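**Q** Questions regarding the structure given below will be posed in turn.
The values are calculated or read from the model by the stated rules, or taken from the named source; none is laboratory data. Here the structure is a predicted model, which means the values were calculated and not measured. Positions of Cβ are backbone-derived with ideal geometry, glycine not excepted, and every protein chain shown enters the neighbour counts. Heads up: the accessible areas ignore ligands, DNA and RNA and are worked out on the full protein's heavy atoms, side chains in. Shrake-Rupley method; radii C 1.70, N 1.55, O 1.52, S 1.80 Å.
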Amino acid sequence: MDSLTGIAAPGAGSQRAHPRRRSPFRRDAFVASEVTWGGIALTGMVLSEVRTRILVADPDSYLFAGTLREILRVRKDIDHRQIGAALHAASAGDIVDALPEGLDTPVGARARTLSGGQRQRVRLARALLAEPEVLILIDPTSAVDAHTESRIAQRLRAARAGRTTVVLATSPLLLGYADTVAYLRDGRVVATGSHTELLARDPGYRALVARDAADTEEVRR
Amino acid sequence: MTGLPVADRAAVGQATLDLIGRDRRAVAITLLLHGAAATAGLAAPWLLGRIVDLVTAGAGVAAMDRLALAIAGCVLVQGILTRYARLVGHRFGERAVARLREEFVRRTLALPVSAVERAGIGDLTTRSSIDVATVGSTVREVLPTVLIAGTQLFLLFAAVFLLHPMLGLAALVGLPSIYAVTRWYLRRASTAYLAEGAATAELTETLTTTAEGARTVEALRLTGHRVRHGTDRIGQQWATRRATLALRSVFFPVVEASYALPIAAVLLAGGSHDRTTMRRRRI
């Protein structure tokens with residue numbers, strides 16, 4: 001199940017509001033949903049099993065106080081090499097380089113000493129290190145500049161090789177790397193296809209992702 | 001976690017004076033009432049002494065009844081005075097604590113945001129709750145107790161010295177050990193209690209952030225990690241509390257035991273004095 005799927009939905013912030021509403025995070029959301037995993041309804045699975053296999057990486061996920069290494073080591077068996085790889089994929093290597101003691105620099109709760117973009121990349125690296133079979137990334141690059149976003153988009157596929165990744169975003173940079181993009185309106189899929197197909201076919205989709213067009217141009221130049 | 005700085009001795013003294021200075025009337029009334037209550041309390045033993053004297057002199061029942069009534073009256077007056085002293089004291093204490101909390105919020109808001117964020121939830125919470133409460137009980141109860149006890153001590157020692165210089169000297173035998181253990185205690189107490197406060201702040205920090213990040217704990221299955229973290233902090237809290245308890249376990253028993261020394265000394269001195277006078281009389 002090696003796939004990178006993009007989900008694009010209109011309205012600033014709606015990507016954030018949307019998965020929250022239908023989040024597989026809340027148990028009661030399962031009850032009404034018909035989501036299945038390998039033919040089994042998610043509601044029929046043990047919750048810890050669901051958590052092991054599916055991770056919803058929301059933009060508000062909490063960063064606890066500790067050294068950067070402690071924050072990133074979500075499992076005990078994560079070694080230095082894996083941390084390096086995840087930081088590279090999240091284009092977060094420069095954050096570590098800029099810190100006085102590198103990975104061993106203590107960071108307070110919510111990592112307030114880091115910038116918004118830095119925090120977002122640390123969260124992304126942490127989500128990658130959790131290595132879930134299905135990773136659902138919500139707006140993973142909303143706070144970084146276009147150059148960084150393009151680097152992350154390029155590296156994400158390699159970092160998630162052999163596993164399923166779903167990206168909720170309106171960034172053409174990210175969606176351009178997806179195998180399939182589902183265009184959502186009012187909570188329903190109205191069109192699916194590759195980013196280029198949808199751009200050509202659907203004016204609504206074009207308008208949605210166009211707000212980032214200026215950034216894309218900038219990167220090309 | 002880089003918490004907010006801790007005040008030095010001079011700053012603490014100045015802050016205490018400010019706190020009292022802003023409510024001078026209430027403090028004066030509290031001390032006056034406590035003083036009056038203490039004086040009323042002193043009257044009872046003195047009256048009891050009078051009864052003993054009268055009994056030895058073979059006085060009538062009526063005189064004794066009057067004195068017994070006076071004792072009852074003194075106890076009653078002491079009770080009423082203590083009640084009002086505590087009432088005024090508590091009202092002052094609560095006002096002081098309210099002012100401290102408001103001041104704390106005002107000053108925190110005046111600080112640069114980065115400084116407040118660096119301080120962390122734990123330090124801010126501990127300071128505004130536990131630390132303020134500690135100051136509250138200090139100004140409300142410890143301050144009057146220390147002042148009243150000091151006054152009573154002075155009066156009692158003066159009385160004992162007036163009765164007989166020998167008795168006065170005997171009453172002082174408890175002082176060296178109290179002095180020594182107090183010095184020993186004070187030299188260690190400040191560091192130990194600061195460590196305890198810091199550990200409390202860290203534990204609060206861990207609990208608060210774990211609750212705040214509950215979603216993330218669940219999603220990334222960090223439960224074991226957070227439980228271990230909490231257990232570590234509880235361990236620190238336990239260790240620092242044990243340390244201050246150990247200090248108190250030395251300080252209080254030594255002080256309490258020292259109270260018995262003057263009594264023994266007075267009895268011994270009294271006994272030997274009595275024997276020498278008896279001997280002299282025989283001669």
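**Q** Could you compute how fast the range A:33-77 diffuses translationally, taking Rh as the Kirkwood radius over C-alpha pairs and applying Stokes-Einstein at 20 °C with viscosity 1.002 mPa s? Give it in µm² per second.
**A** Working: Rh = 13.0 Å.
Approximately 164 µm²/s, per Stokes-Einstein.
**Q** Right, next: Whenever you get a sec, compute what percent of the accessible area on the range A:73-178 sits on carbon and sulfur atoms (1.4 Å probe). If you can, show how the numbers build up before the last one.
**A** Numbers: 2070 of 4180 Å².
It is 50 percent, rounded to a whole number.
**Q** Compute the Rg to Rh ratio over the range A:100-205 from the alpha carbon atoms, using the Kirkwood formula for Rh, and round to two decimal places.
**A** On the way: Rg = 15.8 Å, Rh = 15.4 Å.
Rg divided by Rh gives 1.03.
**Q** Quick check: pseudo-label points 7 Å beyond the Cα along Cα→Cβ at A:ARG206 and A:THR192, how many nm apart are they?
**A** My value for the distance between the label points is 2.4 nm.
**Q** Residue by residue through B:209-222, how many Cβ atoms from other chains fall within 10 Å of the Cβ on average? Working shown, then result.
**A** Numbers: counts 7, 3, 0, 4, 7, 1, 8, 10, 2, 4, 13, 12, 8, 5.
Going residue by residue through B:209-222 and averaging, the value is 6.
**Q** Probe radius 1.4 Å, ligands and nucleic acids left out: can you give me the accessible area buried at the A-B interface, summed over both chains, in Å² to the nearest hundred? The partial results should precede the final answer.
**A** Numbers: alone 11610 and 19000 Å², together 28740 Å².
Buried: approximately 1900 Å² between B and A.
**Q** Taking the Cβ-Cβ separation of B:ALA214 and B:ARG66 as r and a Förster radius of 51 Å, what is the calculated FRET efficiency to the nearest 0.05?
**A** Details: r = 72 Å, r/R0 = 1.41.
So, using R0 = 51 Å, E works out to roughly 0.10.
**Q** In addition: What does the net charge come to around B:ALA246 if you take all other residues with beta carbon closer than 12 Å to its beta carbon, with K and R at +1 and D and E at -1? Can you show the working numbers first?
**A** On the way: positive: B:ARG188, B:ARG241, B:ARG242, B:ARG248; negative: B:GLU196.
Around B:ALA246, the charge tally is +3.
**Q** Would you kindly give the portion of the calculated P(r) for the range B:4-44 that falls above 12 Å, as a percent of all Cα pairs? Show your work: numbers first, answer last.
**A** Details: 563 of 820 pairs.
Of all Cα-Cα distances in the range B:4-44, 69 percent exceed 12 Å.
**Q** Same structure again: Rg to Rh for the range B:1-119: what is it, with Cα atoms only and Rh by Kirkwood? All intermediate terms of the calculation are to be shown ahead of the outcome.
**A** Values: Rg = 24.5 Å, Rh = 18.5 Å.
Rg divided by Rh gives 1.32.
**Q** Here's something else I'd like to know. How large a share of the accessible area of the range B:135-237, in percent, is made up of carbon and sulfur atoms when the probe is 1.4 Å and the other protein chains stay in place?
**A** Values: 4320 of 5910 Å².
Carbon and sulfur atoms account for 73 percent of the accessible area of the range B:135-237.
**Q** Shifting gears a bit: Distance between the C-alpha centers of the range B:12-52 and the range A:148-183? Whole Å please.
**A** If you average the Cα positions of each part, the centres end up 76 Å apart.
**Q** Then there's this: Whole number please: convex hull volume per residue of the Cα set in the range A:25-124, in Å³? Show your work: numbers first, answer last.
**A** Values: hull volume 12.6 nm³, N = 100.
Spelled out: Cα convex hull of the range A:25-124, divided by residues, is 126 Å³.
**Q** Moving on to the next point. With contacts defined as alpha carbon pairs under 8 Å and 6 or more residues apart, what's the relative contact order of chain B in percent?
**A** Values: 195 pairs, mean separation 60.4, N = 283.
Relative CO of chain B lands at 21 percent.
**Q** Taking only Cα atoms of the protein assembly as shown, what ratio of Rg to Rh do you get with Rh as the Kirkwood inverse-distance radius?
**A** Details: Rg = 36.8 Å, Rh = 29.6 Å.
Result for the protein assembly as shown is an Rg/Rh of 1.24.
**Q** To two decimal places, what compactness ratio does the range A:85-134 give when its Cα radius of gyration is scaled by 2.2 N^0.38 Å? Could you put the intermediate results ahead of the total?
**A** On the way: Rg = 11.0 Å, N = 50, 2.2 N^0.38 = 9.7 Å.
Here the Cα radius of gyration is 1.13 times the empirical estimate.
**Q** Counting only other chains, what is the mean number of Cβ atoms within 10 angstrom of the Cβ of each residue in peptide B:120-128?
**A** Mean inter-chain Cβ contacts per residue within 10 Å come to 1.
**Q** Just the ratio, please: alpha-carbon radius of gyration of the range B:90-138 over 2.2 N^0.38 Å, N its number of residues. Working shown, then result.
**A** Working: Rg = 11.8 Å, N = 49, 2.2 N^0.38 = 9.7 Å.
Expressed relative to 2.2 N^0.38 Å, the Cα Rg reads 1.22.
**Q** On to the next question. Largest first and in whole Å, what are the equivalent-ellipsoid semi-axes of the range B:66-200 based on the Cα gyration tensor, each being the root of 5 times an eigenvalue?
**A** Details: eigenvalues 349, 115, 20 Å².
Taking √(5λ) for each Cα gyration eigenvalue gives 42, 24, 10 Å.
**Q** Which order do the peptides A:151-160, B:142-151 take when ranked by the mean count of other beta-carbon atoms within 10 Å per residue, highest first? Walk me through the numbers on the way to the answer.
**A** Working: A:151-160: 18.9, B:142-151: 14.9.
Result, highest mean first: A:151-160, B:142-151.
**Q** Moving to a separate point now. Report, in cubic angstrom per residue, the convex hull volume of the C-alpha atoms of chain B.
**A** Working: hull volume 51.4 nm³, N = 283.
Taking only Cα atoms, chain B has a hull volume of 182 Å³ per residue.
**Q** Still on this structure, please answer the following. Taking beta carbons within 10 Å but only from partner chains, what does the mean come to for residues A:56-68?
**A** Shielding by partners across A:56-68 averages 4.
**Q** Follow-up. Is it possible to state the helix-based mean residue ellipticity at 222 nm for chain B, with each DSSP H run of 4+ residues giving -39500 (n - 2.57), the sum divided by total residues, to the nearest 500 deg cm²/dmol? What is it? Each step should come with its number before you reach the end.
**A** Details: 10 runs with 249 residues, N = 283.
Counting only the DSSP helices, I get -31000 deg cm²/dmol.
**Q** Mind checking the log10 I(q)/I(0) for the range B:139-283 at q = 0.15 Å⁻¹? Debye, one equal scatterer per Cα, no solvent, two decimals.
**A** Taken in order of the listed q values, log10 I(q)/I(0) reads -0.91.
**Q** Give the ranking of B:MET64, B:MET166, A:MET45 by solvent-accessible surface, highest area first, calculated with a 1.4 Å probe. Walk me through the numbers on the way to the answer.
**A** Working: B:MET64 45, B:MET166 90, A:MET45 25 Å².
Ranked from most to least accessible, the order is B:MET166, B:MET64, A:MET45.
**Q** Less than 18 Å from a label point 7 Å out along the Cα-to-Cβ axis of B:VAL12: which backbone N atoms in the range B:114-143 qualify, by residue?
**A** So the set is B:126-143.
**Q** Highest mean first, what order results for B:206-218, B:39-51 on Cβ atoms within 10 Å? Display every interim value, and only then the final one.
**A** On the way: B:206-218: 17.7, B:39-51: 15.5.
Sorting B:206-218, B:39-51 by mean packing, highest first, produces B:206-218, B:39-51.
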